[in-house]
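Chemist: The structure's right below; bear with me while I get my questions together.
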Amino acid sequence: MTAPFVRPPPQEIAAARRLLAPFRALFDPVFVGLDRVPAHRRPLLFVGNHTLYGALDAPHLWMELHDRHDLFLRGLGEHAHFKIPGWGALLTRWGIVDGRPEEAGKLLAAGEPVLVFPGGTREVAKRRTELYQLIWKQRLGFARLAIEHGATVMPFGMLGADEAWTIVREGQELIEGRAGRVLKPVYRALGMPEESVWPLALGVMGTPIPRPVRLYFHVGEPIDARDFVGQGDSGAWALRRAVEASIYAGLDTLRTLREEDPGPMPLRRALRAARVAAGLKL
């Protein structure tokens, strides 16, 4: 029997916040719409877009929701993560579960706030023409779960990270080249399709270091999944379309905000991040 999940203690969360601090100073995140998060404790399902590599922005949203609303979001992770020694244990420690529908259902049934990226690893493995695109294929998983558990769906969009790097070679190009001899068996061992192979993308001065882009987050209006009960898959599709539309509208809002936002210049943010990192105490 699996032991019940226990949140990391406050001092551990504080240590994670300190680790994030230099990155927060560098990327200077802007949050819009967090006041839309309802105070009720019916199941909440946060649904959003995955950006390139999938790790630059989501931790900031997670921490902001924790600090503002006392939400400990339970993420749904790709199965392969839990096959990697050490890494899977770390994710589990922070409440992330294998993203199978039955696991997600257990969380929602227990009233836990859940975070899901329906595009999964494919959406992380961007092609050059796929910046900020939702790649959800024909999946209805999150919509069916939300309807089944009467969840409130919170659509969110994240802008900035797809431009932190420039894709030099797409994943498929790597697979078809010499790198494929290494990548193919690795991805097979992890049970991941070749379409999920990460691209080679470069940032600052042609290095893997991400550019100091500013990160923007938009949380849309809550969508009550109970409004779609009793409609079968047509209801699930309608809910999915409503969530997609909200995410894309949020991204458009963020683009407009970014165009009008002077914000601290990248060099100033980089210097501020360096000062924060220099004084970091864990």
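Chemist: Could we say that THR166 is touching a residue at least 12 places away in the same chain (Cβ under 8 Å), within 18 Å of the chain's Cα centre (by Cα) and more than 28 Å from ALA39 (Cα to Cα) here? Can you show your working first?
Modeler: Details: touching a residue at least 12 places away in the same chain (Cβ under 8 Å): yes; within 18 Å of the chain's Cα centre (by Cα): no; more than 28 Å from ALA39 (Cα to Cα): yes.
So THR166 fails the test.
Chemist: Collect the residues in segment 1-35 that are among the small types (Gly, Ala, Ser), within 29 Å of GLU221 (Cα to Cα) and either touching a His at 6+ places or on another chain (Cβ under 8 Å) or assigned to a loop (DSSP other than H, G, I, E, B) (or both), keeping them in residue-number order.
Modeler: GLY33
Chemist: Which residue is surrounded by the fewest Cβ atoms within 10 Å (Cβ to Cβ), if the candidates are limited to segment 86-126 and must be among the basic types (Lys, Arg) and touching a helix residue (DSSP H, G or I) at 6+ places or on another chain (Cβ under 8 Å)? Even if it seems obvious, please write down each step before you answer.
Modeler: Filtering segment 86-126 down to residues among the basic types (Lys, Arg) leaves 93, 100, 106, 122, 126.
Subsequent filtering for residues that are touching a helix residue (DSSP H, G or I) at 6+ places or on another chain (Cβ under 8 Å) retains 100, 122, 126.
Values: ARG100: 12, ARG122: 19, LYS126: 26.
Going through the qualifying residues, I end up with ARG100.
Chemist: Then there's this: How about segment 49-100: which of its residues are acidic (Asp, Glu) and either within 10 Å of the chain's Cα centre (by Cα) or part of a loop (DSSP other than H, G, I, E, B) (or both)? Walk me through it before giving the result.
Modeler: To start, the set of residues in segment 49-100 that are acidic (Asp, Glu) comprises 57, 64, 67, 70, 78, 98.
Scanning segment 49-100 gives ASP57, ASP70, GLU78.
Chemist: While we're looking at this one, here's another question. Every residue in segment 9-38 that is without any contact (Cβ under 8 Å) to a residue 24 or more places away in the chain and in contact with a helix residue (DSSP H, G or I) (Cβ under 9 Å, 6 or more places away or on another chain), please.
Modeler: So in segment 9-38, the residues without any contact (Cβ under 8 Å) to a residue 24 or more places away in the chain come out as 9-12, 14, 35.
Those that are without any contact (Cβ under 8 Å) to a residue 24 or more places away in the chain and in contact with a helix residue (DSSP H, G or I) (Cβ under 9 Å, 6 or more places away or on another chain): GLU12, ASP35.
Chemist: Give segment 138-176 a look and list any residue that's at pLDDT 95 or above, closer than 22 Å to GLY220 by Cα and basic (Lys, Arg), or say none.
Modeler: Once the filter is applied, which keeps residues that are at pLDDT 95 or above, closer than 22 Å to GLY220 by Cα and basic (Lys, Arg), segment 138-176 yields only ARG144.
Chemist: Picking from PHE31, PHE27, PHE82, which residue would you name as being surrounded by 16 or more Cβ atoms within 10 Å (Cβ to Cβ) and closer than 30 Å to MET192 by Cα?
Modeler: Details: PHE31 fails: closer than 30 Å to MET192 by Cα; PHE27 fails: closer than 30 Å to MET192 by Cα.
After applying the criteria, what remains is PHE82.
Chemist: So which residues in segment 78-106 are under 18 Å from LEU44 (Cβ atoms) and in contact (Cβ under 8 Å) with a residue 12 or more places away in the chain, if there are any at all? Working first, answer last.
Modeler: Of segment 78-106, the ones under 18 Å from LEU44 (Cβ atoms) are 94-97, 99, 101, 103-106.
Across segment 78-106, the qualifying residues are TRP94, GLY95, ILE96, VAL97, GLY99, PRO101, GLU103, ALA104, GLY105.
The values are calculated or read from the model by the stated rules, or taken from the named source; none is laboratory data. The structure presented is a predicted model; accordingly, all values stated were derived computationally and were not measured. Counting neighbours? That spans all protein chains shown, and the Cβs are built from the backbone with ideal geometry, glycine included.
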